[in-house]
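Input: a single structure, listed below in structure tokens.
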Amino acid sequence: MNPSCLQYALTEEERRTFNEQGYLIMENALSPEQVEILTAQVDRIYESKIENGHDSKTALFYPNFIPDHHSFLELVDYEKILPKVWGILGWNIYLYHAHMIATPPSGQEKNDKTFGFHQDSGRVNIEMESHPRPRLSLKVAYFLSDISEPDRGNFWIVPGSHLKDNLEIPKNREGQPEGAIPVCVKPGTAVFFDRRLWHAASPNWSDITRKVLFYGYGYRWIRTKDDMTVQHLWESSDPIRRQMLGASVNCNGHYSPTDADVPLRAWLKEHQPEMVDK
Ligand SMILES: O=C(O)CCC(=O)C(=O)O
């Protein structure tokens, strides 16, 4: 990791926004060239899924895409993004989950049904006894297509809802919860969101296929949420990327890490010592 990445370190204002609102928007996180390269790969995968029987009118949810192309791998420790992720979660982190979503035009009439609002992490929200629920992880969503207008299969969120354990759903499931908004952003924008932020996918009523890459970072003692078959990439990766890809000396190292388990900690001791607690 080049120390020049610290120009993208989380600012106090960004921390406040994330803590209070549960999300953070970074425009131009990806250059137009990066968007083009990543989009070409998403298109290639999407087309191959359709050739293999995926219904071209429904959204494609495709996890474990990191091994599919080096441009996906390079975002795992992307210099503009990772410093903000560790600024929020600290150094004992890795990429526990990644998925791409392509949402084609639905071809359906617009309706007012409530979208599928949820917090991430499934049973964690039921089995973990605390209020508010613990943060544990966040996702970074890289938007590749233009969703600067609503009705384009936008990602919907309820700002500031991350400390609520329940979300009031409108009667008869008509309309969206109070305070819910579509995230309207240009290609190349990254949106960081707390796993507890109530959020939803929405139907695409436009004629533009929506394309997004989601990178989920969490503590190293959390299990992967998809197959994450990235172990073959460890050897050719630098130490911090290897940590992000889940490498560890042994299982105990997920709980009580040594320096060999968490190269990011040693790096921070040298370059951003205020990020290292004990
Ligand atoms: O596709 C979307 O906009 C929502 C994705 C989502 O719900 C998730 O990543 O948990």
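The values are calculated or read from the model by the stated rules, or taken from the named source; none is laboratory data. Predicted, not measured: the structure shown is a model, and the values here were computed from it. All Cβ positions, glycine included, derive from the backbone under ideal geometry; neighbour counts span all protein chains shown.
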When only residues in segment 183-200 that are within 12 Å of the ligand (Cβ to nearest atom) and assigned to a loop (DSSP other than H, G, I, E, B) count, which is nearest to His97 (Cα to Cα)? Arg195
Would you confirm whether any residue within segment 194-213 is among the aromatic types (Phe, Trp, Tyr) and over 18 Å from the mean Cα position of the chain (by Cα)? yes
Expected output for segment 38-53 (first residue under 20 Å from Tyr142 (Cβ atoms), partner at pLDDT below 95, Cβ below 8 Å, 6+ apart or cross-chain) is none
If you go through Tyr62, Tyr78, the only one that is within 20 Å of Ser145 (Cα to Cα) and in contact with a His (Cβ under 9 Å, 6 or more places away or on another chain) is Tyr62
Hits in segment 61-85 - residues which are farther than 16 Å from His97 by Cα, outside any loop (DSSP other than H, G, I, E, B) and over 13 Å from the mean Cα position of the chain (by Cα): His70, Ser71, Pro83
Considering Leu138, Leu82, which residue is within 16 Å of the ligand (Cβ to nearest atom) and in contact with a strand residue (DSSP E or B) (Cβ under 9 Å, 6 or more places away or on another chain)? Leu138
Is there a residue in segment 155-170 that is outside any strand (DSSP E or B), within 10 Å of the ligand (Cβ to nearest atom) and surrounded by 21 or more Cβ atoms within 10 Å (Cβ to Cβ)? yes
Extreme residue, farthest from Gln243 (Cα to Cα), among residues of segment 54-80 that are free of Cβ contacts under 8 Å to residues at least 40 places away in the same chain and charged (D, E, K, R): Asp55
Within segment 111-127, restricting to residues that are assigned to a loop (DSSP other than H, G, I, E, B) and within 13 Å of the ligand (Cβ to nearest atom), the one that is nearest to the chain's Cα centre (by Cα) is Asp120
Matching option when the condition is surrounded by fewer than 19 Cβ atoms within 10 Å (Cβ to Cβ) and of a type in the set (Gly, Ala, Ser), among Ser256, Ser206: Ser256
Any residue in segment 201-211 that is touching a residue at least 12 places away in the same chain (Cβ under 8 Å), within 15 Å of the ligand (Cβ to nearest atom), more than 22 Å from Pro105 (Cβ to Cβ) and in contact with a Phe, Trp or Tyr (Cβ under 9 Å, 6 or more places away or on another chain)? no
Which numbered condition trips up Arg242, out of (1) outside any strand (DSSP E or B); (2) within 16 Å of the ligand (Cβ to nearest atom); (3) within 21 Å of Leu138 (Cα to Cα)? (2)
